[in-house]
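Peer 1: Got a structure for you, written out below as structure tokens; questions coming shortly.
The values are calculated or read from the model by the stated rules, or taken from the named source; none is laboratory data. Just so you know, these numbers come straight off a predicted model, no measurement behind them. Cβ coordinates were reconstructed from backbone atoms using ideal geometry, including for glycine residues, and neighbour counts include every protein chain displayed. Note: areas computed on protein heavy atoms with side chains; ligands, DNA, RNA excluded. Shrake-Rupley method; radii C 1.70, N 1.55, O 1.52, S 1.80 Å.
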Amino acid sequence: MGVTGFVLQPTYRTHRGQPVVQLYGRLESGPAFLIEDDRFRPYCFVPRSAREALRAVPGLRIEEGAWVDLEGAPVVRVETKSPADVVALRQRLGAARTRESDVRFPYRFLIDRGIRAGVAIEGEAQEIRTGLLRFENPELAAADVRPALRFLSIDLETAPDASEIFAAALVGADAEEVHLVAKAPVEGAHTHADEAALIAAVADRIRALDPDVLLGWNVVDFDLRVLDRRARELGVPADLGRMPGAIRFHEDPGFTRQMRASVPGRIVLDGIPLVRDALRLLDYRLETVARAVLGRGKKIDQEAPDAAAEIQRLYREEPAALVAYNREDARLVLEILEHEGLLALAVERSRLSGMPLDRVGASIASFDRLYLPALRQRDTVAPSVDAGRKAARVRGGAVLDSVPGFHRDVAVFDFKSLYPSLIQTFQLDPLSHARAGDDAIEAPNGARFAREGAILPGLIDDFQSAREEAKRRGDRNADQAIKIMMNALFGVLGAGSCRFFSPEIANAITGFGQQTLQWTRAAFESAGVRVIYGDTDSVFVVLRRPEEATTLRAEVQRQIAERVHDVYRVEPHLELELERVYDRFFLPRVRGGGSGSKKRYSGWSEGRLRMVGLESVRRDWPAVARRLQEGMLARIFTDQPVDGFVCDLVERVLAGQLDEELVYTKRVRKASLEGYTASNPPHVQAARKMQGRVGPVIRYVMTAGGPEPLEPGHPAPGALDRRHYVDRVLRPVADSIFSEQGRSFDEALGAPTQLELL
């Protein structure tokens, strides 16, 4: 009888000179599993014209077939003894003379079987370790699996230089415990005589709890590295996996350079990148994120000048407090990720793409997992990645000039999933681009696409059906995961590290998008409606009557569909939606200029103020700017007096009543402060005055003596230059609004000279 499971970690080992595919995962019925298959052999493809070059290479098995590359040239399948032999062959022949020679061996195994994360298993199982079932050479097929995974958050407390582990907390997977080095019992802790005993006990507990995923905050670069290093230094075995094996650390190639950790049979997820991709915050310290998401923070004195020293003091003097602090840190990580649905989102993305949970953000690899199986069904193979290729410039979406000022009854229309819809409409796809014939669709940039045979439109059809189903059942995580996947299908084509890299295709997609936006503006204007702004997939228009928005949408949709059909002889998949109607609307000007700004606006809709791109949503401006801007716009939109509010706010700032809202927050973008030679901006000046370690985010205020940093445990700087905030923060924000009414900040205060009397 068959079973189904969720693949967590695809890898392989070598046994007696032969590669053995290993798939670790969790069965839907509960137990963990390990699939091992020693029948599969690594391979790549080589142009048939280059077959003679293979005669001098021993140990190859060459197979003829109907395979061709994207350009239609015939290729042969070349099987090797080991994955390393494929790498050697690519190095010998060059990437340009091999096809798919860089597909990782275990992923090749899954791709050839059309398996993503869900797998159906037919075969006998043997329990090789407690709770771990091993399937040897079973029959496998794709399956739709929704797993119940076990997550365990780990957090270490150490000496300031991480030379000694004091405590380790484990929260999740049916546990909530702290292990502590102590000579006597401590409330709430499992105590151990020394550090070596603690490490051994923690490793034992992780194996016993058998989590699928290890979590933490900076867990790769700190907790697991420290645990691994101290275990080796003390000579303690610290296997954390489902099978024996040390923790392996490796860095992602490419721009992110994200560090990852590999534990046999388990996935390691760091909370920081997960939260950074989902939330926009001032910084991503655990304290900051926990306060923003959960409304509570770490159990330590936040005013302590040195957190590491405070931890050391707690260990010596208040071990029970350290235990509570340690447990809470581990608990916060798990609660943050669960509260924001980030763990469920990662699982959904893995189900869709087939990528392991710690690599679901790898959009290029995800594209391969989706595209290569469909390509193979057409007996077509893909190129190998050209490592020396540079990314090309891809044009962005169109942005229409804005009409600055205040407006009434503004409707925002946008195209649902514009770029995926354009791919469906115009058959935009690597295969259709390579096989374009005489009767091709020609994009605005001149790129040509065959009218039949494209792969991406079908993938998008499947995703859209799945997304509609997710919405019907109220599955927010599946809905979001599918949206992310569909949008990623466009971006990878302009990346030099993608095997399907094609500036022509990427620019064809954006070119069609720009054309569609221009056609949409023309359609609204032909209907007698004034267009005041547009950006990529959205158009902002001033309605003649609020009730005409629905009929207007239908008319413009019809015009666009007819134009697409008439010009290109295709059936359009474009769907124009009415996003929102604003009762009142504001488009600012470029600061210091007369033209309208882009990607910045505000409006009043359904009884609430909505802001996009303005100072109130910027993280680097003082909070007082938000208070002023939102207060002014809300009053103007609801026809309330503004001048009294502005005067009162200025008076409160000058009186020192809002000092906590005068803090600037700015990131240090360069690797070090020494990198700032041509300029010396205020946040860098403040950072250079800091007494402790300088982090990536600097909080500072302006004083009579210039910018001064705000450091935990240090008193706030005195002599704040409150007039700086009036003149450099409040005045420009207020004038950007007042100017559209023909007034000024000074007039609102009564007279320029009155400010001197406040």
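Peer 1: As a quick test, which of the pairs LYS183/LYS298; LYS416/LYS666; LYS598/LYS689; LYS390/LYS471; LYS599/LYS670 have an alpha carbon distance above 29 angstrom in this structure? The partial results should precede the final answer.
Peer 2: Working: LYS183/LYS298 26 Å; LYS416/LYS666 35 Å; LYS598/LYS689 37 Å; LYS390/LYS471 39 Å; LYS599/LYS670 26 Å.
Beyond 29 Å between Cα atoms: LYS416/LYS666; LYS598/LYS689; LYS390/LYS471.
Peer 1: Moving on to the next point. Tell me, what is the per residue accessible area of the chain in Å², probe radius 1.4 Å?
Peer 2: Per-residue value: 44 Å².
Peer 1: Suppose R0 equals 35 Å; then what is the FRET efficiency for ALA141 and ALA522 from their Cβ-Cβ distance, rounded to the nearest 0.05? The partial results should precede the final answer.
Peer 2: On the way: r = 51 Å, r/R0 = 1.45.
The computed FRET efficiency comes out at 0.10.
Peer 1: Starting from 0.36 nm per residue, how many nanometres of slack lie between ASP221 and ASN487 once their C-alpha separation is accounted for?
Peer 2: Taking ASP221 through ASN487 to full extension adds about 92.7 nm, to one decimal.
Peer 1: Expressed in nm to one decimal, what extension gain is obtained for the pair ALA655 and ARG16 from 0.36 nm per residue of sequence separation less their Cα-Cα distance?
Peer 2: Net length gain for the segment: 222.1 nm.
Peer 1: While we're here: Among VAL381, THR288, ILE272, which residue has its Cα positioned farthest towards the positive end of the charge dipole of the range 249-383, with +1 placed on the Cβ of Lys and Arg, -1 on the Cβ of Asp and Glu, and the dipole taken about the Cα centre?
Peer 2: So the residue furthest toward the plus end is VAL381.
Peer 1: Treating the beta-carbon of each Lys and Arg as +1 and of each Asp and Glu as -1, no other charges, what is the dipole magnitude of the chain about its Cα centre, to the nearest 20 debye?
Peer 2: 1760 debye
Peer 1: If you don't mind, there's one more thing I want to ask. Calculate the all-directions average of the projected area of the range 333-404's alpha-carbon convex hull, and give it in nm². Walk me through the numbers before you get to the answer.
Peer 2: Values: hull surface 39.5 nm².
With every direction weighted equally, the projected area is 9.9 nm².
Peer 1: Could you grab the Rg to Rh ratio for the range 517-620? Cα atoms only, Kirkwood for Rh.
Peer 2: Rg divided by Rh gives 1.02.
Peer 1: Report the FRET efficiency, 1/(1 + (r/R0)^6), for LYS183 and MET243, where r is their Cβ-Cβ distance and R0 is 45 Å, rounded to 0.05.
Peer 2: Details: r = 35 Å, r/R0 = 0.79.
My answer for the efficiency is 0.80.
Peer 1: Which distance in nm do the two modelled labels at ARG544 and ARG608 give, with both placed 7 Å along the Cα-to-Cβ direction?
Peer 2: Distance between the two pseudo-spin positions: 3.3 nm.
Peer 1: Still on this structure, I have one more. Run the accessible area of the range 71-196 with a 1.4 Å probe and give the carbon-and-sulfur part as a rounded percent.
Peer 2: On the way: 2570 of 5680 Å².
Carbon and sulfur: 45 percent of the exposed surface of the range 71-196.
Peer 1: Put +1 on the Cβ of every Lys and Arg and -1 on every Asp and Glu Cβ in the range 127-194; which of LEU156, GLY131, VAL186 then has its Cα farthest towards the positive end of the dipole?
Peer 2: GLY131
Peer 1: Can you give me the P(r) profile for the range 210-266? Cα pairs, bins 10 angstrom wide beginning at 0, each as a whole percent.
Peer 2: P(r) for the range 210-266, in whole percents per bin: 22, 53, 22, 3.
Peer 1: When a/c is below 1.5 the answer is rounded, else prolate if a/b is larger than b/c, else oblate, so apply that to the range 293-421 with a ≥ b ≥ c taken from the square roots of the Cα gyration tensor eigenvalues. Numbers along the way, then the final one.
Peer 2: Working: a/c = 2.65, a/b = 1.54, b/c = 1.72.
Oblate shape, in that a/c is at least 1.5 and b/c is the bigger or equal ratio.
Peer 1: At 0.36 nm per residue, minus the direct Cα-Cα distance, what do ALA278 and LEU578 gain on full extension? Give it in nm, one decimal, please.
Peer 2: Residue separation times 0.36 nm, minus the Cα-Cα distance, leaves 105.4 nm.
Peer 1: Of all accessible surface on the range 629-728 at a 1.4 Å probe, what whole percent is carbon and sulfur?
Peer 2: Values: 2500 of 5230 Å².
Within the range 629-728, the accessible surface is 48 percent carbon and sulfur.
Peer 1: Taking all protein chains in place and a 1.4 Å probe, what share, in percent, of the accessible surface of the range 394-530 do carbon and sulfur account for?
Peer 2: Exposed carbon and sulfur together represent 43 percent of the surface.
Peer 1: For the range 11-147, taking Cα atoms only, what is the radius of gyration to one decimal and the Dmax to the nearest whole Å?
Peer 2: 17.3, 53
Peer 1: Which FRET efficiency value, to the nearest 0.05, do you get for ARG393 and ARG669 by plugging their Cβ-Cβ distance into 1/(1 + (r/R0)^6) with R0 = 22 Å?
Peer 2: 0.50
Peer 1: If the cut-off is a Cα-Cα distance under 18 Å, which aspartates and glutamates reach LYS299, setting aside same-chain residues fewer than 8 apart in sequence?
Peer 2: ASP155, GLU157, GLU176, GLU177, GLU187, GLU287, GLU310, GLU317, GLU318, GLU328, ASP329, GLU335
Peer 1: A follow-up question, please. Dipole magnitude of the range 521-593 about its Cα centre, charges +1 at Lys/Arg Cβ and -1 at Asp/Glu Cβ only, in debye to the nearest 20?
Peer 2: 440 debye
Peer 1: What is the log10 of I(q)/I(0) for the range 317-364, computed with the Debye formula using one identical point scatterer on each Cα and no solvent, at q = 0.22 Å⁻¹?
Peer 2: Treating every Cα as an identical point scatterer, log10 I(q)/I(0) equals -0.76.
Peer 1: Take the alpha carbon atoms of the chain, find their radius of gyration, then divide it by 2.2 N^0.38 Å using N residues; give the quotient.
Peer 2: On the way: Rg = 30.2 Å, N = 758, 2.2 N^0.38 = 27.3 Å.
Taking the Cα Rg and dividing by 2.2 N^0.38 Å, one obtains 1.10.
Peer 1: The range 25-43 to the range 77-156: how many Å between their Cα centroids?
Peer 2: 8 Å
Peer 1: For the chain, what is the calculated [θ] at 222 nm in deg cm²/dmol (nearest 500), taking -39500 (n - 2.57) for each run of four or more DSSP H residues and dividing by its residue count? Each step should come with its number before you reach the end.
Peer 2: Numbers: 23 runs with 265 residues, N = 758.
Taking each H run of at least 4 residues, the total per residue is -10500 deg cm²/dmol.
Peer 1: Still on this structure: Where does the range 468-526 land on Rg(C-alpha)/(2.2 N^0.38 Å)?
Peer 2: It is 1.55.
Peer 1: Describe numerically, in nm with one decimal, the distance between label points set 7 Å from Cα along Cα→Cβ at ASP462 and at LEU54.
Peer 2: Modelled inter-label distance: 2.9 nm.
Peer 1: Mind checking which of ALA454, MET485, ALA470 is farthest towards the positive end of the range 444-499's charge dipole, using Cβ charges of +1 (Lys, Arg) and -1 (Asp, Glu) about the Cα centre?
Peer 2: In the range 444-499, that residue is MET485.
Peer 1: In nm, to one decimal, how far is the LYS471 label point from the ASP639 one, both placed 7 Å along Cα→Cβ?
Peer 2: A separation of 3.7 nm, rounded to one decimal place.
Peer 1: Sticking with this one: When the Kirkwood hydrodynamic radius is evaluated over all pairs of different C-alpha atoms of the range 431-485, what value in angstrom, to one decimal, is obtained?
Peer 2: Mean inverse Cα-Cα distance, inverted, gives 13.0 Å.
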